[in-house]
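Please read the structure below before turning to the comments.
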Amino acid sequence: MSDVDESGRLVFGPAERNRGPILEVLRQVLPDDGLVLEVASGSGQHAVHFARALPRIIWQPSDREDERLSSIEAWRTTEGTDNLWPPLRLDVTELPWPVEQADAVVNINMLHITPREVGLALFAGAGRVLDTGGVLCLYGPYRVGGVHTAPSNAEFEDRLRAMDRRYGIWDVTEAAEAASAEGFGELERFEMPANNQMLVFRRI
């Protein structure tokens, strides 16, 4: 669920709660400077927060939905910094992507609410835009060894599959295999609050 404020900005409660822990990991794994492409930026709350906290990085938000693109731009206009660029329309399944090269790709809470082929398109696209050493960061719920990390995640997946049978929580092994197929190295995994994880891959 989301609210819309007087500026037309979507406000997601989870984004407010998880932006701090996510930023802590991003500080560890992102390059000191360069361009970060955020795929499926949603409301724009994360983009504003991360760009402000990481002033040497150019933060490029993107999304495929008009409502969210408008919200991202509203957040950028009201609270954005110079290193937060206007949002781009990006559907990971459509080629070419509007960004040809980036130093990192960040994606938050998308894989489990899209069909598997969309997730695979994300890995493939990241493999194309990142050079050697480029970083791919994926945040969300994941299974480990085929097992949910908490009963609440299993219940969440049941609700997702009731919405669309193509949705579901990936296993970290599945994500690592998909990344490897697109030229990424070994997985670095961070435990996050609320039974989420950050998966980090580097282009080799």
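Listing for the model above:
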quantity: Fraction of antiparallel bridges per DSSP, region 32-149 only, in percent to nearest 5; calculated: 5 percent
quantity: Candidate values (1) 52, 41, 38; (2) 47, 32, 27; (3) 43, 39, 32, label of the one derived for Cα extents along the principal axes in Å; calculated: (3)
quantity: Net charge over other residues, Cβ less than 10 angstrom from the Cβ of Met198 (K, R count +1; D, E count -1); calculated: -2
quantity: Lys/Arg +1, Asp/Glu -1 at C-beta; region 2-202 dipole; positive extreme among Gly42, Ala162, Leu10; calculated: Ala162
quantity: Whole-Hz ³J(HN,Hα) from phi, Karplus 6.51 cos²θ - 1.76 cosθ + 1.60, for region 46-52, glycine and proline x; calculated: 5, 4, 4, 5, 6, 5, 5
quantity: Within region 2-202: Cβ-based charge dipole about Cα centre, in debye rounded to nearest 20 (Lys, Arg +1; Asp, Glu -1); calculated: 220 debye
quantity: Trypsin sites (Lys or Arg not before Pro) restricted to region 128-204 and DSSP loop, no more than 11 other C-beta within 10 Å; calculated: Arg165
quantity: Net charge over other residues, Cβ less than 10 angstrom from the Cβ of Gly127 (K, R count +1; D, E count -1); calculated: +1
quantity: Length-normalised contact order of region 80-185 in % [C-alpha pairs under 8 Å, at least 6 apart]; calculated: 29 percent
quantity: Value of relative contact order over the chain, rounded to a whole percent, pairs C-alpha under 8 Å and six or more apart; calculated: 18 percent
quantity: MRE, 222 nm, helices only [DSSP H, n ≥ 4, -39500 (n - 2.57), over the chain, to nearest 500]; calculated: -12000 deg cm²/dmol
quantity: Within region 34-94, trypsin sites (Lys or Arg not before Pro) in DSSP loop having at most 16 other beta-carbon neighbours inside 10 Å; calculated: Arg56, Arg64
quantity: Per DSSP, loop GluC sites (Glu not before Pro) in region 1-55 with at most 10 further Cβ within 10 Å; calculated: Glu6
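Laboratory data are not the source of any read-out in this text; all were calculated from the coordinates shown. Note that the coordinates shown come from a computational prediction; the quantities given were computed from them, not determined experimentally. Reconstructed Cβ throughout: ideal geometry from the backbone, glycine too, with neighbour counts over all protein chains shown.
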